[in-house]
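These notes concern the structure reproduced below.
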Amino acid sequence: MDEASSSSLTIKNKKDMKRPQTTAGLLSPINDDLIYNILSRLPALSFASAACVSKSWNQICSRILSRPKLASALSLHPSPKAAVKEVIEKVLAEPIRPHFVVANIGSGFRLYEIFKLISKKLGSNVPFIISTSSGIIGRDALTHEFKEVKWGDVCGDGSDEDCSIPAKDVNYGILLTVGFVPGLKVDAIPLLRSTKEPREVLLDKFIMDIKDYTASVSGCTFPVGIMMFGDGLINMKPIIDALDYSMPMETVIVGDERGRFLYRSGNESRNVCGSAKNFSDAVALIFARDKDKPSGMGDIQFQIALSKGVSTVGPRHKAVSVKENNCEHSTWLTARREGHPEILDGQQLLNDINDELEDYADSSDLYVGVIKRRNISMGSEKPRMITSLEFHGVVGGDDEYLYVSGVGIKTADYFHFYRSDPESALSSCNNVSSSLKKLKSDEDSKHRRHISEVFGGFMFACCGRGESFFGRVNVDGSPFVENFPGVPLAGIFCGGEIGRGPSRLTGEAHKDSDARCNMHVYSTIYLVLSYTPVPLEH
C-alpha cells in the first residue's frame, strides 16, 4: 500500500470514528449465521433479552427455538435455596421459553417455600405444578450423572404454607422440569371440592373445565395429554374412571395418585389456593393442540409404555360375601375358586396362595386384581358400561374374611391374586427397551418421509421399585436412557402410578386383557414425547 493510500485510509477511519453509529450500523456487518451461533449458546434469560434487541434478532431467536424442548435437572442439596439455584441454573443454561413447569421435591422441603423460590425466577404467568414425591429420577444439575433417588413414603408437613414447622425427615431434593412445546397450549386445571359441602367433589365441573379450555385453544374438546397429581387423601379411582369415560383413547393420561401439591394456572380464576370457597383435591396439567399454530410447525406426539411389576398367582376367584369398612377404607370378603362350590374365608384363601407362592411368600407384596364392570355416566349423559381392572392390596385374613385395601368390590366380581415380581418387572423393562430401540431406529432411518424425533420423557415409577426391588441401580430409567442418552428424562417414584392411553410402544397387558387398567401397582409408566416436523416441499 503506497503512502497516499495509507493517508487516505487513516483520514477515512478518523471520520468514521467521529460519525455516530446506530445499533443497526453496529450489527449489520455480523453474518446472520454467526449471530445464530452466538445466540444459541446464551443462557435462557440472556436469550430472552436478546430476542428484544431487534426484529431480525427476534426472528433468529425464533429459528433457534423452532422445535420443542425439555430441560430437566435434579439437586440433592439439603438447603432449599441452594438446591433451587442449582436446578434453575441448569435448566436455564440454554435457550428455552417456558410453556410449563413441573417440580417434584422430597418431603424435607416445604412446598410453599420452593414454590415461591421457583416462581421468583421463572415468573408468575407460566403454568406450574409442584408436588412432593417418594423419590426423584433424572440427571444431577452439577455432575450430569443419571440418578434414581428413592426416599420412601411421603411424610412430614410439606404443605404447611407458613413454613413455621421444621422438617421432620431428611428427604431433601428437588427435580425441576421446564417444557417448551410450540404447537400446544398448556394450563393447570384443579379438581375442586366445596368447603360448604366437604364430601362433594366437583367432578363434572372438572371434566367440563378441561373440555372448555381445550375447545377454547384448539377447537376440539379433547386434549392430547393430561398429567395428574392427587393429594393422597381422596380416592382417585372415580376421577380417573370419569376421565377414561370422557376422553378418547388417544388422550394420554399419566401421573401420581398420592402426593401433596401446589399449582399455579395461567388463568387467575383457577388459582384457588387459600380460597374460602373451595379446596383442590387434584390438579391436571392439560396439553391441547394450538388452533393458531404457525403453518410450518410440526406436531408433538405423546406415547406411553408400561413396565409391569406384578404377576398372577393361582386360579381366578369370585367374590361371595362383601362388606365395606368406610372408616378404614377397606373391604372384607369371602370367595370361591372358579369352578368350585366351596366358600373360602380369608385364612383359607391366604393358605392356598401361600402354597402357590412357595419361596416367594415372605418376599412379595400381595394384591387382588378385581375385574369391575360398572355403568359410568357424566352429567345427563346416558350411562355406558366400562370394564376395568383395579388393584387392592391384601392387608390380611382370618377365619371369617380376607381384608383388602380400598372399596368398590361387589359380590360376583371376579379377581386374581397378584404378587410383586422383580423378575417380571425386569423382563417388562427389557420389552420397553426393545420397543424404544425400534422407535430410535425408526428415528434414525433415512428412508422415512416423516421422521419423528424424541425430545423428552417423563417416568412415573412405583415407590416399591428401585434398587431395593431389582438389586441394582437405575433399572427403571435404563430403557429410556440407553436408547436416548442425550435426551432429558424426568421421573418420580409414586404412591400410585397413573397410566392410560394407547400403548403403541408395548403390547403388554395384564392377564385380564379385556379390562382397562389405568391405575397400576409395582409398575413404571413411560411418557415419551416426540416431534414430527412438517415434511419439506419438493
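Structure notes:
- The local environment of residue 420, defined by Cβ-Cβ distances under 10 Å, has a net charge of 0 under the rule Lys, Arg +1 and Asp, Glu -1.
- Accessible area, probe 1.4 Å, largest first, for residues 97, 258: 258, 97
- C-alpha center-to-center spacing [region 42-108, region 397-430] in angstrom: 43 Å
- Bridge type composition, the chain - antiparallel percent by DSSP, nearest 5: 85 percent
- 222 nm mean residue ellipticity, helices alone, for the chain (DSSP H n ≥ 4; -39,500 (n - 2.57); rounded to 500): -8000 deg cm²/dmol
- Between region 337-394 and region 168-230, the Cα center-to-center distance that results, in Å: 31 Å
- Taken about its Cα centre, region 165-240 carries a charge dipole of about 80 debye when Lys and Arg each add +1 at the Cβ and Asp and Glu each add -1 at the Cβ.
- Region 285-410: translational diffusion in µm²/s, Stokes-Einstein, Kirkwood Rh over Cα pairs, 4 °C, 1.567 mPa s: 72 µm²/s
- By average C-beta atoms within 10 angstrom, highest first, the peptides 81-91, 372-382, 139-149: 81-91, 139-149, 372-382
- Lys/Arg +1, Asp/Glu -1 at C-beta; the chain dipole; positive extreme among 240, 420, 122: 122
- Cβ-defined net charge surrounding residue 75, 13 Å radius [Lys, Arg +1; Asp, Glu -1]: +1
- Treating each Cα of the chain as one equal point scatterer and applying the Debye formula with no solvent, the log10 of I(q)/I(0) at q = 0.06, 0.10, 0.11 Å⁻¹ comes out as -0.34, -0.85, -1.01.
- Charge tally in the Cβ shell below 11 Å around residue 183, where Lys, Arg are +1 and Asp, Glu are -1, residue 183 excluded: +2
- Of 69/147; 121/196; 211/382; 185/372, those spanning more than 25 Å from alpha-carbon to alpha-carbon: 121/196; 185/372
- Residue ranking by accessible heavy-atom surface, 1.4 Å probe, largest first, among 527, 76 comes out as 76, 527.
- Accessible surface ranking that places the most exposed of 270, 41 first, with a 1.4 angstrom probe: 41, 270
- Probe 1.4 Å - accessible area at residue 265, Å² to nearest ten: 0 Å²
- Under the convention that each Lys and Arg Cβ holds +1 and each Asp and Glu Cβ holds -1, the size of the dipole of the chain around its Cα centre is about 2600 debye.
The values are calculated or read from the model by the stated rules, or taken from the named source; none is laboratory data. A quick note: this is a predicted structure, and the numbers were derived from the prediction, not measured. All Cβ positions, glycine included, derive from the backbone under ideal geometry; neighbour counts span all protein chains shown. Side chains are part of the model used for accessible areas, which takes the heavy atoms of the whole protein and leaves out ligands, DNA and RNA. Shrake-Rupley method; radii C 1.70, N 1.55, O 1.52, S 1.80 Å.
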